[in-house]
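The values are calculated or read from the model by the stated rules, or taken from the named source; none is laboratory data. Only a predicted model underlies this, so the values are computations on that prediction, with no experimental measurement involved. Don't worry about glycine lacking a Cβ; one is built from the backbone with ideal geometry, like all the others, and counts go over all protein chains shown. When the accessible area is computed, the model is the full protein with side chains, heavy atoms only, and any ligands, DNA or RNA have been set aside. Shrake-Rupley method; radii C 1.70, N 1.55, O 1.52, S 1.80 Å.
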Protein chains: 4
Amino acid sequence: MSKKKSRFLQTPIDPFTVEAGLTADAIVTRMERISFQGRNLATAHRIWLKMLEDDVTIFLGMAGALSAGGLRMIVAHLIANRYVDCLVSTGANLYHDLHETRGQHHFLGSAHADDAALAAERIDRVYDTYASEEEFIDNDNWIAGFAATLEKRPYTTREFLYLLGGHLWKTTGRDGILTAAYRANVPIFCPAIADSSIGMGLSQARQSTPGAGYIDIIGDIVESANLVIRRPRTASVVLGGGTPKNFINQATVQAEFYSDEVGGHRYALQIVTDVPHFGGASGSSLEEAQSWGKLATDSVRVSVQADATIALPVLASALAVSAPPLLASRKPPVFSLASRIMTIDGQTVPSDRFEEVNEPAV
Amino acid sequence: MSKKKSRFLQTPIDPFTVEAGLTADAIVTRMERISFQGRNLATAHRIWLKMLEDDVTIFLGMAGALSAGGLRMIVAHLIANRYVDCLVSTGANLYHDLHETRGQHHFLGSAHADDAALAAERIDRVYDTYASEEEFIDNDNWIAGFAATLEKRPYTTREFLYLLGGHLWKTTGRDGILTAAYRANVPIFCPAIADSSIGMGLSQARQSTPGAGYIDIIGDIVESANLVIRRPRTASVVLGGGTPKNFINQATVQAEFYSDEVGGHRYALQIVTDVPHFGGASGSSLEEAQSWGKLATDSVRVSVQADATIALPVLASALAVSAPPLLASRKPPVFSLASRIMTIDGQTVPSDRFEEVNEPAV
Amino acid sequence: MSKKKSRFLQTPIDPFTVEAGLTADAIVTRMERISFQGRNLATAHRIWLKMLEDDVTIFLGMAGALSAGGLRMIVAHLIANRYVDCLVSTGANLYHDLHETRGQHHFLGSAHADDAALAAERIDRVYDTYASEEEFIDNDNWIAGFAATLEKRPYTTREFLYLLGGHLWKTTGRDGILTAAYRANVPIFCPAIADSSIGMGLSQARQSTPGAGYIDIIGDIVESANLVIRRPRTASVVLGGGTPKNFINQATVQAEFYSDEVGGHRYALQIVTDVPHFGGASGSSLEEAQSWGKLATDSVRVSVQADATIALPVLASALAVSAPPLLASRKPPVFSLASRIMTIDGQTVPSDRFEEVNEPAV
Amino acid sequence: MSKKKSRFLQTPIDPFTVEAGLTADAIVTRMERISFQGRNLATAHRIWLKMLEDDVTIFLGMAGALSAGGLRMIVAHLIANRYVDCLVSTGANLYHDLHETRGQHHFLGSAHADDAALAAERIDRVYDTYASEEEFIDNDNWIAGFAATLEKRPYTTREFLYLLGGHLWKTTGRDGILTAAYRANVPIFCPAIADSSIGMGLSQARQSTPGAGYIDIIGDIVESANLVIRRPRTASVVLGGGTPKNFINQATVQAEFYSDEVGGHRYALQIVTDVPHFGGASGSSLEEAQSWGKLATDSVRVSVQADATIALPVLASALAVSAPPLLASRKPPVFSLASRIMTIDGQTVPSDRFEEVNEPAV
């Protein structure tokens, strides 16, 4: 046993020791020298702090039923305190957020429910969580009603969601994802808005008001890529995969065609439950993302294989202790979002054509 | 042991017996009386046959990297032979299909690749499969070029993809998903087109040709719901979850607001790798879908927990033997897709307003 | 919206709100009214408190590489403070515990290692964790050496592991699972000891010392069932499935043949990553366990689908605040373990025949 | 596009094409040039053929409820035709095999059962499969009865299971795993026998017959390692992980201490549903296994992430066409198993001490 230790055996595992009164940051710090997903969660904490310290635009992607599942105020908190600079979300998460911001609720339910009985009472189930279909229809009408009041022209989801957040804030004065983003001037993209009840509300706007409910989803592609062209240093935080994960990566891939300064996200952190070996994008590894130029090959990155309903409360609670000094000195990008053409740090971010910093790659 | 058998113990497991020369249909039939996912695959086979025998419109949803992964000709076969009547796909699957139909390839690769080395050679990796980024850029340009030739107005994805399929067929004369759908007049919806390289191609069309590349994604919602209003008896076959799964369900939920005859899919079959217990839509159970009215409470349904690259080749090969008599006598809906307003069985299917068969539910 | 709420819509989801300085118990309490696995973790916390409050014998099952992965001191803490009364473990977890208690280490490694390079340096990898094969061989010899000193007769794993823990304590004076169990007189069963390096050490004892290294594994079955016959009210806490999960259940099933008072565990809590739908025991649901009589049909139970390296540090840290009053008033069973026949609360627990409280069931 | 193809882009994906009448071997062959788990299944087929062609001892590991789930006659077929040379199994799989060989059945059930109702009728559920507890008790008694007739001494599981298989064959004359292994002289190891109903039966033998039901599980370790010392070229086929997977690997690791010719399995094939990233052995990668010397660093290997109830029927049906010529010319090891000391190719394989071919490694 006197031999020199192998170069592979440098830092011993330090077993987690239990103590009364540990706060989230202490727990996460004690996870730094254990293994498997606990260590990955600790690494995620450190990487997020690095992001905040560095001069990067931080994208947050959000898929899965996180709003209905009780995480919407964490996301609102991350937005309001500028842990993140831009949200890419599924429509459902924004819709369920709107549902609660409007004063309605999701409810504790059972994963072993009798779904026929629920259907008979018009209760919609999301695993162990229930909601009233009647209240959902009321939301749809509310969204349709609002959309019908807008000028009759196509809107990027970024513009529409800013306006929707504003209307929601003025109507309710309540915190939530949409209202926090509105108040903090944080843009929200929703690339699959057509696959959600917000899309359904928009489609219903056409019924009452011909010409209403037009969304320019291709404009979102242009705008998000221009964001990266304007500020090529970026980071990606992804909860749950889906379209948000890919859309955030696509922005940098698309931007790279028009600017040599773009080189993939510098930091990437994902909390996912999907796995890589079936080939789907949700579970794809951050290593694979390098081959596409989605991540810089020297990016700092970690995947946490965990349900966000466990990992995010712990992670956000830890950051609430460790991040404030960094947040205080951070200079996040400043957006103006109220019109068809947004700005970042005073520069326009068009949605109808790419900013050509250099010649296209081909 | 002389006691009467319990009502729960009626049909014995019949162990699978190996024999040389078993064809796919024989294999699947022998799986009917085993357990777990093998039995579910056998049930999927029987349910698909029932769908074909019944008078239902069959939606096929397709997510995950199935085209790049070698399943695109199975999907083309299902379309050409009208095992299905309408495809809902992610953009990536259609893009990778176009890639190969244009004569390019994906390549056998390794899941343990050195991604920095791949990035250096501009090779994009999808788990164990590679593609050339240069060829992808060529596709983007080709799509942008085509989109720039179209009349300057918004297109639903259904209309755009029909036109794209037609252009692809005229250019290449090769089989594939897009070309098969074009030739068979099977509509394709792509609700998350903004989250794909087809969307990127469309966004690039704007660069060369102001006014090109506008997609009316909300029109797709209206159109897909009107399809269900026109033919309320439907079935859902889903490969891999994602936006297609929900969009197919959303069509029936939305249609229900406008027609009492709509009551959720009568049949549902999903081949998924996601699980229900994290709350995401991809893995959500078909039982849960009943609570929403996505499925009829008396629907016939099965989930197969398997990678589609194993389950679909076996299932499609089995159907190739068992389904032809049913396909021969089947009367699938007849679509015309060449213009802004599609028709089904001669009836118009608007994309700007819902067909109101009855009064809205609220 | 004025209508009476459905019976299904009683308790609203209460979104998790972030705050600086939250301790683990506060975090877990705030998870009680969110969804999915976060809620399940909160439920696990409440159920464990109920177990401590009730008069039940608490079994802890432990599979997966939790000791190497940095959780061994949590398990030692649970044993020392009598959160649990009996441990059932895989051999690997006990072996890796012994490795560290002997003053050696596991090391932080990479999941993307070059395994051929590791093999060349004789480093063994467990996902992202490394250990020295040379040190492992030293352990094997140490175990073999100790086993060779014992009287030449078969030992149940319970007796052998108690003696091993005692020897380890006397040699090292260090805390760990084996030494904590020794000092707290908590029995450890290891039904699959033959599938572990402890088994390998025992097998090597035979080489030096004919007649050494005999284990009476069937005696463990008898003894564990007799434990349940002696104290029929039981609870099960399972980390990771495997043989410990089933062995704990088997004890109650076996005991039921000999005593009418046994009726399955009253409480069950499992933290697992496996899923039910492939039919394996590790992922099997606690509902299914009822059909076997492993759990009482009115048992209180929860499955947390999470990696134990995240869930257990949080859960144990929360219990460190909430449990001490219950621990203080708890009257756990008192064992004596030093000989072939153990006792519980002064009553013998034979390993050679079942205590027949009533006539066998058949 | 005229540039030379990258070294990474050599073999194009060849999409699976559907055809009526495809046999299993044709299906698997067409999967060779698709992606993800379909390709892995095709690779598994090729690797198994290579094993049969090479001069290796093939171990088969079997965990999960495969016998109850309808795969026992496939395993019996693999044994009878010497696709494999040694079986390592969980106790449950052997017990459920015995159950059916004795003329009883498992039954088609539902995964959504009312488990309290099942418990009331004493029906045991394994996911979607039921069995009669009363019949299980009858098996336990039958095993106990047989064990009580044996000479009063410890038995390795290998010896006991051979005797049990013989008794079963003489009693029933029916095919199954235990009877096929008996007739083909293929050894079976069951390292976790204490965690199964066979173990329970053995424990009950002690009740009627003091001195009966003693198992020498450490002897199994010695014997299995001596097998590898005798024939150092080995291969591993694993269905579902668990103790069998590790026990097969342990045999080669243990053997290596005593012979320089042992260098890890030359071939490894696993069909698993577990994943590596939680650190458990069941899901551990075959790459990791190299670091331990469980696999040779130049081993040929594949993991198929699939439920065995789908993958194994397809794979075994394909092999039934492709393997017979190789089986015909194969020279499998010849065992004699009827006594305490087994032989392989006429050489003794002790269970009380390792064959020392070279000096121990330390």
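Here is how the numbers come out for the structure above:
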item: Estimated inter-spin distance, A:S336 and C:N141, nm [label 7 Å along Cα→Cβ]; result: 7.7
item: Set C:K294/D:K152; C:K170/C:K245; A:K152/B:K152; A:K50/A:K294; C:K170/C:K331 screened for pairs whose C-alpha atoms are more than 21 Å apart; result: C:K294/D:K152; C:K170/C:K245; C:K170/C:K331
item: Contour minus Cα-Cα distance for D:K152 and D:R183 (0.36 nm per residue); result: 8.7 nm
item: Given charges at Cβ of Lys, Arg, Asp, Glu: chain A dipole, positive-most of A:T348, A:A338, A:M31; result: A:M31
item: Positive-end residue of C:A205, C:G280, C:A180, charge dipole of segment C:165-294 with Cβ unit charges; result: C:A180
item: Spherically averaged projected area in nm², based on the convex hull that wraps the Cα atoms of segment B:57-136; result: 5.4
item: Projected label distance in nm at A:R7 and A:S110, using a 7 Å step from Cα toward the beta-carbon; result: 5.9
item: Extent along principal axes [Cα atoms of segment B:258-312; Å; largest to smallest]; result: 39, 25, 18
item: Volume in Å³ per residue [convex hull over Cα atoms, computed for segment B:182-232]; result: 101
item: Scattering curve values for segment A:13-77, log₁₀ I(q)/I(0), Debye with Cα scatterers, q = 0.12, 0.14, 0.24, 0.28 Å⁻¹; result: -0.44, -0.59, -1.08, -1.11
item: Where chain C is the region considered: accessible area per residue in Å², 1.4 Å probe; result: 29
item: At 0.692 mPa s and 37 °C, Stokes D of segment A:116-239 from Kirkwood alpha-carbon radius, µm² per second; result: 203
item: Using a 7 Å Cα-to-Cβ projection, A:T172 label spacings across copies, nm, ascending; result: 4.6, 5.5, 6.2
item: Förster-model FRET efficiency, 30 Å R0, A:L327 and C:R174, C-beta, rounded to 0.05; result: 0.10
item: Quotient of C-alpha Rg and 2.2 N^0.38 Å, computed over the protein assembly as shown; result: 0.89
item: Sites C:S208 and D:R102, calculated FRET efficiency, Cβ-Cβ separation with R0 60 Å, nearest 0.05; result: 0.85
item: Total charge dipole magnitude, segment A:11-141, about the Cα centre, Cβ charges on Lys, Arg, Asp, Glu only, Debye to nearest 20; result: 620
item: Dipole magnitude (debye, nearest 20) for segment D:184-239, charges at Cβ of Lys, Arg, Asp, Glu; result: 220
item: Cα pair distances of segment B:101-161 binned at 5 Å [whole percent]; result: 4, 15, 20, 17, 12, 12, 9, 7, 3, 0
item: Position A:V357, label points 7 Å along Cα→Cβ, spacing to each other copy in nm (shortest first, one decimal); result: 5.4, 6.2, 7.5
item: Cα-centre dipole for the protein assembly as shown with unit charges at Cβ (Lys and Arg positive, Asp and Glu negative), debye to 20; result: 0
item: Inter-copy spacing of B:D260 label points, which lie 7 Å from Cα along Cα→Cβ, given in nm from shortest upward; result: 5.9, 7.0, 8.9
item: Distance (nanometres) between label positions extended 7 Å along Cα→Cβ at D:E121 and B:D14; result: 2.1
item: Global form of segment B:265-362, assessed from the alpha-carbon gyration tensor, a/c cut-off 1.5; result: oblate
item: Cβ-based charge dipole, chain C, positive-most Cα from C:L71, C:A144, C:Y95; result: C:L71
item: Interface D:C - total buried accessible surface [probe 1.4 Å, Å², rounded to 100]; result: 5800
item: Extent along principal axes [Cα atoms of segment A:24-170; Å; largest to smallest]; result: 50, 44, 22
item: Residue of chain D whose Cβ sits closest to the axis mapping D onto A, with distance in whole Å; result: D:V275, 3
item: Ordering of D:219-226, B:325-332, A:76-83 by packing [mean C-beta count within 10 Å, highest first]; result: D:219-226, A:76-83, B:325-332
item: Whole-angstrom Cα spans of segment D:194-316 along principal axes, big to small; result: 51, 39, 30
item: Estimated Rh, chain A: Kirkwood, alpha-carbon pairs, angstrom; result: 21.5
